[in-house]
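I have placed the structure first, in the form of structure tokens, so that the comments after it can refer back to it.
The numbers here are math on the coordinates, done by the rules we state, and not lab data. What you see is a predicted model; the values in this text were computed from it and never measured. Positions of Cβ are backbone-derived with ideal geometry, glycine not excepted, and every protein chain shown enters the neighbour counts.
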Amino acid sequence: MTDSRRMLVLGLGNVLCGDDGLGVAAVARLAERWEIAPEVCVADGGTLGLSLLGLFDGMDEVLLVDAILADVPPGSLVALDGDEVAPAARARLSVHQVGVADLLDALDLLGTRPRRLSLLGLVPEQLELGTQRSAVVERALPGLVDRVAREIRERGHTVMPRRSGGAHAQAPVDRDAARALGL
């Protein structure tokens, strides 16, 4: 099934701060392992904050994928929807979350907040400087990626496993995302 509604799946995080980069890793694996309908933009937002504003243009739904601080064990999957997302972004202590809170405020000021905004992520174990993610987050990442794919499908968009390529498949370049980021 395809849908004319546009959806943005945006991976967030700092890949230089351990588990904080899990959102970026998750969307990279998603693009590697799943064929996703063309009306769904999958993008690596890193820590770009307000510079991501252009990606939200024309999007009906946005799914943020990120590390989420919560009072549950590291590696636990956390799902937030609607009005739960902004307070979670403001409560975070990592550097990029100030940008996410600012981004949500800017969307509100412009009157362009998507109809549906959700956040899926894992609770990090360590956020120290370094590119290595913790073992508990690495074990939980495939489940997060599958949950993101399922969420896209449940919202009415086509998602199918890739037939070839496996771990060495080249992730597709999203030209709309690249244009919005000035690349």
Exercise for the section: Specify which residue in the list Leu30, Gly99, Val78 is farthest towards the positive end of the charge dipole of region 7-168, using unit charges on the beta carbon of Lys, Arg (+1) and Asp, Glu (-1), about the Cα centre. Expected result: Leu30
Completion exercise
The simple spin-label model distance between Leu129 and Thr112, using points 7 Å out along Cα→Cβ, in nm, is 3.6 nm
Handout entry: Burial order of peptide ranges 34-44, 17-27, 59-69 (average beta-carbon count within 10 Å, highest first)
Key = 17-27, 59-69, 34-44
Exercise for the section: Rounded to the nearest 0.05, what FRET efficiency do Arg90 and Arg139 give with R0 = 22 Å and r taken as the Cβ-Cβ distance? Could you check? Expected result: 0.15
Handout entry: Linear extension gain, Glu39 paired with Asp102, 0.36 nm per residue minus alpha-carbon span
Key = 20.1 nm
